1. Could you state, as a whole-number percent, how many of the C-alpha pairs of the chain are farther apart than 22 Å?
2. May I ask for the net charge around Ile121, where only other residues with Cβ less than 12 Å from the Cβ of Ile121 are counted and Lys, Arg are +1 while Asp, Glu are -1?
3. Restricting attention to the stretch 46-94, which trypsin sites (Lys or Arg not before Pro) occupy a DSSP loop and are surrounded by at most 14 other Cβ atoms within 10 Å?
4. Explain nothing, just compute: Karplus ³J(HN,Hα) = 6.51 cos²θ - 1.76 cosθ + 1.60, θ = phi - 60°, for every residue of the stretch 119-131 in order, whole Hz, x for Gly and Pro.
5. I need the shape label for the stretch 81-201. Rule: rounded when a/c is under 1.5, else prolate if a/b > b/c, else oblate, with a, b, c from the alpha carbon gyration tensor.
6. In deg cm²/dmol and to the nearest 500, what is the mean residue ellipticity at 222 nm of the chain if only DSSP H runs of at least 4 residues count, each as -39500 (n - 2.57), divided by the residue total?
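Every number here is computed from the coordinates shown, using simple stated rules; none is lab data. Predicted, not measured: the structure shown is a model, and the values here were computed from it. So basically every Cβ, Gly included, is an ideal-geometry build from the backbone, and we count neighbours across all protein chains shown.
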Amino acid sequence: EVLEGLQPHLDLKELVIKGFPGVRFPSWLASSFLPKLQTIHICNCRSTRLPALGQLPFLKYLVIAGVTEVTQLSSEFTGFGQPKGFPALEDLLLEDMPNLSEWIFDVADQLFPQLTELGLIKCPQLKKLPPIPSTLRTLWISETGLESLPELQNNSCPSSPTSLYINDCPNLTSLRVGLLAYRPTALKSLTIAHCEGLVSLPEECFRPLISLRSLHIYECPCLVPWTALEGGLLPTSIEDIRLNSCTPLASVLLNGLSYLPHL
């Protein structure tokens, strides 16, 4: 009741809500009441539903962490009937949401048209993400239940992202579908770690990633290419490769590699 009774200034640009024990967030947390809001942190709250933030017109930075009772993200969060949810959002972090199991979306929706950074950490029940926009530059996925990497919106502009980090995703078994299957030509840094169930790489392995400079693979003992290719499985752009506890892959990847500054 105390939080609901507040009347934030219309020019408010940053909002932090921590430890809120209520079941529902205040009704004023919407675009009509906070039209200039740019940054929101929602941390360690008990609510079972997130507020409708998707139509805040100038929201650029959103962190949702430790909201442990939320089980679903839907159009209520992104904006009912609005095809472009979060029109200005650039940086999104979802962290420590152990019960989040479903992100409902329409493939026709163009969510996050300005998004450049996306982090998904400690969401062990979440199995699928909505398609990501071509603006994305950094994707960080750790301790999450994803069964495949996200698709690209409209299957277009396969240049993004430039940095991809995948860590401790036990349900991930193949990279032959999703983001890497689009051969993102701008990808410069790729890290895959502690994915012990991962067994297959994209077709032609990493060779189509023509901008790839840094490749780190740790603790992926079952990961092997589908086939060895004449000329090797790595692009000529590679400068730094680090392999640990993935012996079958290492022996094939390094075959035919003639120049490498850092190994």
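1. 58 percent
2. -3
3. Values: sites: Arg46, Arg49, Lys60, Lys84; in loops: Arg46, Arg49, Lys60, Lys84.
Passing sites in the stretch 46-94 are Arg46.
4. Per residue, the Karplus-derived 3J(HN,Hα) values read x, 10, 10, 6, 10, x, 9, 7, 9, 8, 10, x, x Hz.
5. Values: a/c = 1.60, a/b = 1.20, b/c = 1.34.
Oblate is the answer for the stretch 81-201, as a/c is 1.5 or above yet b/c matches or exceeds a/b.
6. Numbers: 2 runs with 11 residues, N = 263.
So the helix-based figure for the chain works out to -1000 deg cm²/dmol.
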